[in-house]
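Working notes, structure below.
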Amino acid sequence: MTLVENFGQEPISIRELAQRNAVPKRFLEHIMLDLKSQGWVTSLPGKSGGYVLSRRPQEISMGQVIRYFDNLLAPISCVSLNQYEKCSQEQTCRFRRVFLDVRNNTARMMDNTSLATAFAGLPVQQQEIFDDVLMGGAGI
(Lines give C-alpha, C1' and ligand atoms only; values in the text may rest on other atoms or scores of the structure.)
Protein backbone atom coordinates (compact mmCIF):
# COMPACT_ATOMS: atom_id res chain seq x y z
CA MET A 1 0.00 0.00 0.00
CA THR A 2 3.03 2.25 0.19
CA LEU A 3 2.62 3.34 -3.44
CA VAL A 4 -1.03 4.21 -2.80
CA GLU A 5 -0.12 6.17 0.31
CA ASN A 6 2.63 7.97 -1.61
CA PHE A 7 0.60 8.71 -4.76
CA GLY A 8 1.45 12.08 -6.32
CA GLN A 9 4.70 12.37 -4.37
CA GLU A 10 8.33 11.42 -4.94
CA PRO A 11 9.20 7.92 -6.20
CA ILE A 12 9.92 5.21 -3.65
CA SER A 13 13.04 3.11 -4.10
CA ILE A 14 12.75 -0.64 -4.46
CA ARG A 15 14.85 -1.02 -1.30
CA GLU A 16 12.44 1.13 0.73
CA LEU A 17 9.40 -0.66 -0.72
CA ALA A 18 10.92 -4.01 0.21
CA GLN A 19 11.69 -2.86 3.76
CA ARG A 20 8.29 -1.28 4.37
CA ASN A 21 6.45 -4.35 3.10
CA ALA A 22 8.80 -6.97 4.63
CA VAL A 23 9.37 -8.55 1.21
CA PRO A 24 12.71 -9.71 -0.21
CA LYS A 25 14.02 -7.13 -2.68
CA ARG A 26 14.61 -9.67 -5.49
CA PHE A 27 11.07 -11.01 -5.17
CA LEU A 28 9.63 -7.49 -5.16
CA GLU A 29 11.61 -6.59 -8.30
CA HIS A 30 9.70 -9.30 -10.19
CA ILE A 31 6.37 -8.10 -8.83
CA MET A 32 7.17 -4.52 -9.81
CA LEU A 33 8.00 -5.63 -13.36
CA ASP A 34 4.58 -7.32 -13.52
CA LEU A 35 2.85 -4.21 -12.18
CA LYS A 36 4.76 -2.10 -14.69
CA SER A 37 3.72 -4.40 -17.58
CA GLN A 38 0.08 -3.78 -16.61
CA GLY A 39 0.57 -0.01 -16.60
CA TRP A 40 -0.12 0.28 -12.89
CA VAL A 41 3.34 1.56 -11.92
CA THR A 42 6.14 3.51 -13.55
CA SER A 43 9.81 3.24 -12.70
CA LEU A 44 11.93 6.37 -12.67
CA PRO A 45 15.71 5.97 -13.04
CA GLY A 46 18.44 7.71 -11.11
CA LYS A 47 19.65 8.20 -7.57
CA SER A 48 16.32 9.68 -6.44
CA GLY A 49 14.34 7.38 -8.71
CA GLY A 50 12.09 4.51 -7.81
CA TYR A 51 8.48 3.55 -8.38
CA VAL A 52 5.24 5.52 -8.51
CA LEU A 53 1.69 4.55 -9.38
CA SER A 54 0.98 5.34 -13.04
CA ARG A 55 -2.74 5.61 -12.46
CA ARG A 56 -4.76 7.11 -9.68
CA PRO A 57 -5.47 4.61 -6.88
CA GLN A 58 -9.20 5.12 -7.55
CA GLU A 59 -8.71 3.69 -11.06
CA ILE A 60 -7.18 0.35 -10.05
CA SER A 61 -9.51 -2.25 -8.57
CA MET A 62 -8.59 -5.06 -6.22
CA GLY A 63 -10.28 -7.41 -8.70
CA GLN A 64 -7.89 -6.39 -11.48
CA VAL A 65 -4.84 -6.99 -9.32
CA ILE A 66 -6.01 -10.31 -7.87
CA ARG A 67 -7.06 -11.67 -11.25
CA TYR A 68 -3.72 -10.69 -12.75
CA PHE A 69 -1.64 -12.39 -10.06
CA ASP A 70 -3.90 -15.28 -9.03
CA ASN A 71 -6.08 -15.61 -12.14
CA LEU A 72 -8.84 -16.85 -9.87
CA LEU A 73 -11.61 -15.60 -7.62
CA ALA A 74 -13.75 -18.74 -7.53
CA PRO A 75 -13.63 -20.93 -4.41
CA ILE A 76 -13.93 -24.19 -6.40
CA SER A 77 -13.11 -25.10 -9.99
CA CYS A 78 -16.63 -26.07 -11.12
CA VAL A 79 -17.70 -22.39 -10.86
CA SER A 80 -14.47 -20.87 -12.16
CA LEU A 81 -14.25 -19.07 -15.49
CA ASN A 82 -10.48 -19.34 -15.83
CA GLN A 83 -9.84 -22.74 -14.28
CA TYR A 84 -13.13 -24.54 -14.84
CA GLU A 85 -13.15 -28.29 -14.28
CA LYS A 86 -16.25 -30.35 -14.92
CA CYS A 87 -17.69 -32.17 -11.95
CA SER A 88 -19.75 -35.34 -12.22
CA GLN A 89 -22.35 -33.82 -9.86
CA GLU A 90 -22.92 -30.54 -11.71
CA GLN A 91 -26.43 -31.34 -12.90
CA THR A 92 -27.76 -32.10 -9.42
CA CYS A 93 -25.45 -30.35 -6.95
CA ARG A 94 -27.18 -27.75 -4.81
CA PHE A 95 -23.98 -26.68 -3.06
CA ARG A 96 -22.56 -25.44 -6.35
CA ARG A 97 -25.12 -22.60 -6.27
CA VAL A 98 -23.68 -21.39 -2.95
CA PHE A 99 -20.14 -21.47 -4.35
CA LEU A 100 -21.29 -19.60 -7.46
CA ASP A 101 -22.87 -16.93 -5.24
CA VAL A 102 -19.61 -16.73 -3.23
CA ARG A 103 -17.68 -16.28 -6.49
CA ASN A 104 -20.04 -13.61 -7.80
CA ASN A 105 -20.19 -11.69 -4.52
CA THR A 106 -16.40 -11.86 -4.13
CA ALA A 107 -15.91 -10.63 -7.71
CA ARG A 108 -18.34 -7.75 -7.21
CA MET A 109 -16.71 -6.73 -3.95
CA MET A 110 -13.19 -6.88 -5.41
CA ASP A 111 -14.19 -5.10 -8.61
CA ASN A 112 -15.94 -2.34 -6.65
CA THR A 113 -13.03 -1.83 -4.26
CA SER A 114 -10.30 0.43 -5.59
CA LEU A 115 -6.82 0.58 -4.11
CA ALA A 116 -7.81 4.00 -2.71
CA THR A 117 -10.88 2.53 -1.00
CA ALA A 118 -8.88 -0.35 0.48
CA PHE A 119 -6.20 2.04 1.73
CA ALA A 120 -8.82 4.29 3.34
CA GLY A 121 -10.15 1.36 5.39
CA LEU A 122 -8.98 0.36 8.82
CA PRO A 123 -6.51 -2.48 9.37
CA VAL A 124 -8.07 -5.76 10.51
CA GLN A 125 -7.98 -6.26 14.26
CA GLN A 126 -7.10 -9.66 15.70
CA GLN A 127 -10.46 -9.97 17.47
CA GLU A 128 -12.24 -9.64 14.09
CA ILE A 129 -10.51 -12.78 12.83
CA PHE A 130 -11.24 -14.75 15.97
CA ASP A 131 -14.81 -13.52 16.46
CA ASP A 132 -16.69 -15.93 18.76
CA VAL A 133 -19.63 -16.04 16.35
CA LEU A 134 -17.43 -17.54 13.63
CA MET A 135 -15.19 -19.75 15.78
CA GLY A 136 -17.72 -22.60 15.80
CA GLY A 137 -17.12 -23.13 12.07
CA ALA A 138 -14.24 -25.47 11.37
CA GLY A 139 -11.87 -24.49 8.60
CA ILE A 140 -12.41 -20.73 8.72
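The values are calculated or read from the model by the stated rules, or taken from the named source; none is laboratory data. Remember, predicted model here, so these are calculated numbers, not experimental data. Neighbour counts run over all protein chains shown; Cβ positions are idealised from the backbone, glycine included.
Structure summary
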quantity	calculated
Selected residue [basic (Lys, Arg), surrounded by 13 or more Cβ atoms within 10 Å (Cβ to Cβ), out of contact with any helix residue (DSSP H, G or I) (no Cβ under 6 Å at 6 or more places or on another chain) and touching a residue at least 60 places away in the same chain (Cβ under 8 Å)] from ARG56, ARG67	ARG56
Filter pass, PRO45 being modelled with pLDDT of 95 or more, outside the structural domain of ALA107 (by TED's automatic domain parsing) and surrounded by fewer than 17 Cβ atoms within 10 Å (Cβ to Cβ)	no
Pick from segment 52-70, criterion part of a loop (DSSP other than H, G, I, E, B) and over 15 Å from the mean Cα position of the chain (by Cα), ranking: nearest to ALA118 (Cα to Cα)	ARG56
Among the candidates ARG96, ARG108, residue that is within 19 Å of the chain's Cα centre (by Cα) and either under 29 Å from THR2 (Cα atoms) or part of a helix (DSSP H, G or I) (or both)	ARG108
Residue count for segment 7-22, restricted to those that are surrounded by 13 or more Cβ atoms within 10 Å (Cβ to Cβ) and assigned to a loop (DSSP other than H, G, I, E, B)	3
Only one of LEU73, LEU122, LEU81 that is among the aliphatic types (A, V, I, L, M), at pLDDT 90 or above and not in a helix (DSSP H, G or I)	LEU122
Number of positions in segment 33-45 that are within 15 Å of LEU115 (Cβ to Cβ) and assigned to a helix (DSSP H, G or I)	1
